[in-house]
1. So how far, in whole Å, is the C-alpha centre of the stretch 270-294 from the one of the stretch 145-171?
2. Students often forget the sequence filter, so: which aspartates and glutamates lie under 20 Å Cα-Cα from Lys179 once same-chain residues fewer than 8 apart are removed?
3. How far, in degrees from 0 to 90, does helix 7-24 lean away from the longest principal axis of the Cα atoms of the chain, to the nearest 10?
4. Provide the gained length on full extension for the span Val346 to Glu327, in nm with one decimal, where the gain is 0.36 nm per separating residue minus the Cα-Cα distance.
5. Between the stretch 301-344 and the stretch 122-137, what is the separation of their alpha carbon centroids in Å?
6. Can you figure out the FRET efficiency of Lys78 with Ile176, using R₀ = 35 Å and their beta-carbon distance, to the nearest 0.05?
7. What ³J(HN,Hα) values, in whole Hz, does the Karplus curve 6.51 cos²θ - 1.76 cosθ + 1.60 give for the stretch 70-78 when θ = phi - 60°, with x put for Gly and Pro?
8. For the stretch 83-116, run through the trypsin sites (Lys or Arg not before Pro) and keep only the ones in DSSP coil with at most 14 other Cβ atoms within 10 Å of their Cβ.
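Since every read-out is calculated from the coordinates, none of them should be taken as a lab result. All of these numbers come straight from a predicted model, not from anything done at the bench. Here the Cβ positions follow ideal geometry from the backbone for every residue, glycine too, while neighbour counts run over all protein chains shown.
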Amino acid sequence: MNREVTLRQITFMYLFISISSILRQMPQMLAAEAGRSGYLSPVWSILATVPLTAIVILLIKSYPGLNFYEIMVQLTGKFLAKLFILLYLLWILLAITAKVTAYSLTMQFTLMPKTKSDFFMAIMIVLVFYALIRGIKTIFRFSELTLGTVLVFFAVLFLCAMTRIRRDYLLPVQTIHLKSTILASKYVIAIGGNIILALFFADKFGVTVTKQQLRKLWFGLLTFTGLAFIITLFSFGISGTSLTANLPFPFYITVKSISFFNIFERFEVFVTLICILSDFAAIAIFAILLMRCFTWAFGLTEYNFLYTPLTVIIFYLTYYLSSTQFEFNYLYQYIIVNLNLVFQYVIPALLALLCFLKRKQIKKQY
């Protein structure tokens, strides 16, 4: 069956859109919150991401062929479902704004420090608009084709960086620091929660979803956790915790000292490129989610007319919320992360609880 989107593509998209946040925000937040023991936080994150993945699989299996909104209607009724979708709409709008800001600040910090953010935003808007015109398949296939190359690059990078890790930056780990590493894991959890992407596109999978296909989500979660742990480990082990905590893009500085067997250097340029590609995929896919939320909330059959006004709103909202690195750090740490925890974990957990309570009724329905 030629499905519009597959769980394999969802898994690749989940990993690809998470990479930029893993590289850019996560090491800095973990270093500031948990000190040099913060590289253990990705391990603790599985205490939340594993149950969330189980919830996603439960809802997909319980309501085959239905998307997130339709599942909400079945569990909470139409009024509450529309209310939840409106809240998700606002959250996604804010998430897109944060992604655009992070992308602009990354470009200014790394490659083009004297260029105004307007230029970067204009370029990204054109690329995303073109991708949206090409359709969902194009965006998912782009991530599917690009992710493999990115993972190979990281494998080579980590191989070359092994000899530069300083053990005194990582050890010893004391039990007194374990509490702070657990609390700091929320910054990993807030990124790992992107796996709820599968629920928004659940109606694209078809009515029959096999166990083998659902295992792709577990594979994606395992890869995400491993990648988060390794990137944090190398950031701390090479740059040290103090430097990592005080830089807006610590992994970029970390790879400046790495070369490929003393032959090839300038790995940091590729790291910036990977972040740009990840941000592009994230903004594009969140734009699609935004349009789907508008469709579900207001019963629209056509939403292309929304592109221009929403672009203007995002453009000005970016300046209003976080036009500097300091403002963005505050926005991300205290607003984006906490909202992610609510919309990625709390609401799906409530839906899973209702699903368990109504399991007899669900069995009769299907």
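1. Taking the Cα centre of each part, the stretch 270-294 and the stretch 145-171 sit 24 Å apart.
2. Candidates past the 8-residue exclusion: Glu33.
3. The two axes meet at around 40 degrees.
4. That works out to 4.2 nm of additional length.
5. Between the Cα centres of the stretch 301-344 and the stretch 122-137 lies a distance of 18 Å.
6. Efficiency, rounded to the nearest 0.05: 0.10.
7. 5, 5, 4, 4, 5, 8, 10, x, 5
8. Lys114, Lys116
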